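A quick write-up on the structure given underneath.
The values are calculated or read from the model by the stated rules, or taken from the named source; none is laboratory data. If you're wondering where the values come from, they're calculated on a predicted model, not measured in any experiment. Quick reminder, even Gly has a Cβ in these numbers, built from the backbone with ideal geometry, and neighbours come from all protein chains shown.
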Amino acid sequence: MSNIGRRNREAEGSNHVVIENNPKAVGTERGYNVVFEGTGQENSNHLGIRTWTSFRDKEDYIQWMRESGNGDKILAEGVTQDEALKYIKQTRLADRTAAVVAASTTKDGEVNPTVLRFNLMNLLMLERFDSGE
């Protein structure tokens, strides 16, 4: 299964929209999966962007929440990877597109056309993957 929609907590703040694996992820259904939705606030993902993270267990998740100051809204806890993917696929196209533009914008507020083209191609592939094309 693809890692699209999985969050790497260590790489937040980078210009990547395609989200990679969490280093703590166990990669099996035995992990404790939590689905988040970005609020657009400080220490949160882009508004409306849904991600999931696999923790070793619920205690690991609770400890991470205490330490992280995470600003995302929690949509589901303790779900299977298949259930988490269903949540991820419900991310609105408008929210994904806004995240792509934001991720393609430099600190000076200018859109980098090369990065934008790359991110839009990734978004197009993701939309085709989600629609089953």
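A few points about this structure:
- Within the stretch 56-65, the presence of a residue that is touching a residue at least 24 places away in the same chain (Cβ under 8 Å), buried (at least 16 other Cβ atoms within 10 Å of the Cβ), within 17 Å of the chain's Cα centre (by Cα) and closer than 24 Å to Arg96 by Cα is excluded.
- Boolean, Asp72 is of a type in the set (Asp, Glu), surrounded by fewer than 20 Cβ atoms within 10 Å (Cβ to Cβ) and at pLDDT 85 or above: no
- Of Thr91, Thr39, Thr51, all but one fail to be surrounded by 14 or more Cβ atoms within 10 Å (Cβ to Cβ), not aromatic (Phe, Trp, Tyr) and not in a loop (DSSP other than H, G, I, E, B); the exception is Thr51.
- Scanning the stretch 71-130 for residues that are under 20 Å from Gly31 (Cα atoms), free of Cβ contacts under 8 Å to residues at least 60 places away in the same chain and polar (S, T, N, Q) yields a single hit, Thr80.
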